[in-house]
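Everything below concerns the one structure shown next.
The numbers here are math on the coordinates, done by the rules we state, and not lab data. These numbers come from a predicted model, not from an experiment.
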Amino acid sequence: MKNKNSKVFLPRFLFILGTIFLVSEDNAQARNLNYYKLSGYESRVQFIKQEAWKSASKKTPRMSLRSSYRNLSLSQVHSLPYVSLRKKDEWGFYGYSTVDHNYEKKSINGDSVVIDHTTGLMWHQSGSSDYISWNGAKDWIRNLNNRGYAGYKDWRLPTLEEAVSQLEPQRRKNLYVDPVFHDEQWGIWTGDIHGSDGAWSVYFSLGNVRWNVKNRFVRPVRLLNDAT
């Protein structure tokens, strides 16, 4: 009798145990399904946040460069931020900018500009067509402001930090500058000086920075504001 009961009990026990396992497995799968649904929802939320950030980044600069002019020594120029040096020399250096630009070319009132949403700068898309002196560059910009290029009258020479930010690590259309800019201006003035010897300039033709008193082109810049 005892053996008969044991034979009946064992299959029932195994059946109950199997049922419990299947129920537990179903609950686990349900939990996994809910987890993945939640992950999918969170992924959509994250995507929306990223798109919103991208949109906001076009309005809010992620970094700022010095905008006031200075008298810069050679050692100070060799220590500029956001720059990778290839070679130092007595005139300046060969190198390129490490800034991750977000350029946008626009036409405002028929005038071409380039907005860099990374630095919060608006550049003249080309600049002067003349190769002029440093003092002549100031007169050129004064005339540009009198005209109100692109509707603005606060154009100026860039600082060396601003100008060197355009230097690309590789030649693009024969110049070390993004092709969003006009390729005529292969070397531009800055508003920074080197003692009484000269002013600092950037060469897109050679990918370097130099101080001297020779003629250069002009590529004006202005800071963006909330109304831009």
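Observations
- In terms of its Cα atoms, region 162-228 spans 36, 33, 19 Å along the principal axes, sorted from long to short.
- Computed extension length for Lys173-Arg66: 35.7 nm, one decimal, from 0.36 nm per residue of separation with the Cα-Cα distance subtracted.
- For the cross-link pairs Lys106/Lys153; Lys138/Lys173; Lys87/Lys214; Lys105/Lys173, the ones whose C-alpha atoms lie over 24 Å apart are Lys138/Lys173.
- Pairs of Cα atoms nearer than 8 Å and 6+ residues apart set the relative contact order; for region 68-118 it is 23 percent.
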